[in-house]
Amino acid sequence: MFPDLTPSLKAAAPEIRGRLLPNVLLSELTWLRAGGPAQLLFTPAGADDLAYFLSRCPLDIPVTVIGVGSNLLVRDGGVPGVVIRLARGFNEIAPLSSTRIRAGAAVPDVRLAQAAASAGIAGLAFYRGIPGTVGGALRMNAGAHGGETKDFLVEARALDRGGKLHIYGNAGMGFTYRHCAVPLDYVFTEATFEGTPGDPAEIEAAMKDVAEYREANQPIKSRTGGSTFKNPPGQSAWKLINAAGCRGLRVGGAHMSELHCNFLINDGNATAADIECLGELVRERVLAHSGITLEWEIKRIGIPAGAGDQLAAAE
Ligand SMILES: Cc1cc2nc3c(=O)[nH]c(=O)nc-3n(C[C@H](O)[C@H](O)[C@H](O)COP(=O)(O)OP(=O)(O)OC[C@H]3O[C@@H](n4cnc5c(N)ncnc54)[C@H](O)[C@@H]3O)c2cc1C
């Protein structure tokens with residue numbers, strides 16, 4: 001448990017409208033279902049509320065933003081400072097023309113795909129297979145089935161640590177494979193995407209193919225974080241993991257999926273330490289077998305178990 005930051009932050013930002021909750025277990029808000037609490041979970045009421053909060057939140061309090069946690073490992077000691085989770089105030093989605101659609105950062109990627117299909121905007125069907133939000137897709141340059149966020153983004157809006165608005169065109173995002181170069185403490189609030197004119201029935205059919213492929217080839221109903229490691233240039237992470245004998249490899253309550261061996265699974269009782277340790281073991285074995293160092297795609301946040309107590313004792 002962390003000390004409660006609510007009273008001091010409410011005093012610093014008295015007009016705040018969003019919800020502040022101390023010591024909220026983040027394992028309940030992530031796909032991997034492991035890890036400790038957020039010192040303070042802030043759910044802003046909207047972009048203005050978020051900007052106000054950021055402008056008042058003292059700079060020595062760390063701020064971390066999460067989406068729906070489909071690419072996230074929260075360590076067992078939790079996340080010190082404020083964790084921002086966007087919800088209702090960031091959920092609007094609206095077609096702007098026959099090719100453009102704007103979505104709030106909390107909109108699920110699946111809903112973006114569906115809304116684009118209904119509006120006859122082709123190109124965004126790949127989002128049907130990605131279980132994150134628009135904010136997470138911007139940060140991760142999420143992609144699948146030959147499409148990537150960078151291919152369709154027109155503009156993204158983000159608030160910096162002081163609450164100032166920044167508007168990025170596609171080139172300004174600095175997208176590379178599963179990465180965007182916008183500073184890590186900026187919070188995306190909305191984005192506009194551009195596809196091509198298409199037939200809604202054909203787009204629906206493409207989305208159905210994506211969903212069926214996922215169902216057959218990935219453990220999408222398990223506690224997982226999707227691809228654990230990025231594909232190294234010219235290589236497939238899963239092939240390297242398989243060749244190193246790590247398919248099914250286990251540490252505590254976590255194992256590498258038999259179905260897709262770059263997916264890491266929490267059997268139900270894994271600690272975040274089990275999960276991270278398993279990932280590091282896979283990296284070691286792949287390095288020893290192929291000479292290639294795998295890079296984590298899953299984002300790891302927070303501190304190990306017990307580290308919070310040590311921090312509190314040191315203060
Ligand atoms: C079954 C499964 C299948 C998957 N398949 C794919 C796939 O095919 N392709 C793919 O690319 N990914 C895939 N993923 C990974 C994941 O869904 C994507 O990375 C997704 O974009 C993460 O979005 P999220 O909302 O869950 O973000 P989170 O996991 O909550 O966060 C991921 C990162 O985004 C940042 N972030 C989130 N919201 C914001 C915001 N508003 N502003 C700034 N930063 C933000 C976080 O700080 C963090 O660094 C899969 C995951 C699972 C569980």
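Below, the figures for the structure above:
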{"quantity": "Approximate spin-label separation M1-A201, in nm, with each point projected 7 Å along Cα-to-Cβ", "calculated": "6.1"}
{"quantity": "Equivalent-ellipsoid semi-axes of the range 1-159, from the Cα gyration tensor, Å, largest first", "calculated": "31, 18, 11"}
{"quantity": "Relative contact order of the range 235-315, pairs being alpha-carbon contacts under 8 Å that are 6 or more residues apart, as %", "calculated": "23"}
{"quantity": "Within the chain, helix-based [θ] at 222 nm, where runs of 4 or more DSSP H residues each add -39,500 (n - 2.57), nearest 500", "calculated": "-8000 deg cm²/dmol"}
{"quantity": "Intensity falloff of the range 144-201 expressed as log10 I(q)/I(0), Debye formula with alpha-carbon point scatterers, at q = 0.30 Å⁻¹", "calculated": "-1.33"}
{"quantity": "Enclosed volume per residue, in Å³, of the convex hull spanned by Cα atoms of the range 29-108", "calculated": "103"}
{"quantity": "Top of S98, S27, S70 by mean-square fluctuation, Gaussian network on the chain, Cα under 10 Å", "calculated": "S98"}
{"quantity": "N217 paired with S55, simple spin-label distance in nm, labels 7 Å along Cα-to-beta-carbon", "calculated": "4.8"}
{"quantity": "Reduced Cα scattering model of the range 56-146, Debye log10 I(q)/I(0), q = 0.15, 0.16 Å⁻¹", "calculated": "-0.63, -0.70"}
{"quantity": "For the chain, built as a Gaussian network whose Cα springs stay under 10 Å, the top-fluctuating residue of A270, A125, A201", "calculated": "A201"}
{"quantity": "For the range 76-221, diffusion coefficient by Stokes-Einstein and Kirkwood Rh (Cα), 25 °C, 0.890 mPa s, µm²/s", "calculated": "157"}
{"quantity": "GNM flexibility winner over the chain from E28, E212, E190 (Cα, springs under 10 Å)", "calculated": "E212"}
{"quantity": "Overall Cα dimensions of the chain - principal axes, largest extent first, Å", "calculated": "53, 51, 30"}
{"quantity": "Kirkwood-based Rg to Rh ratio, the range 110-171, C-alpha trace", "calculated": "1.01"}
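We did not get these values from a lab; they are worked out from the coordinates using the rules stated. What you see is a predicted model, and the numbers here were worked out from it, not measured in a lab. As a convention, Cβ positions derive from the backbone with ideal geometry for all residues, glycine included, and neighbour counts pool all protein chains shown.
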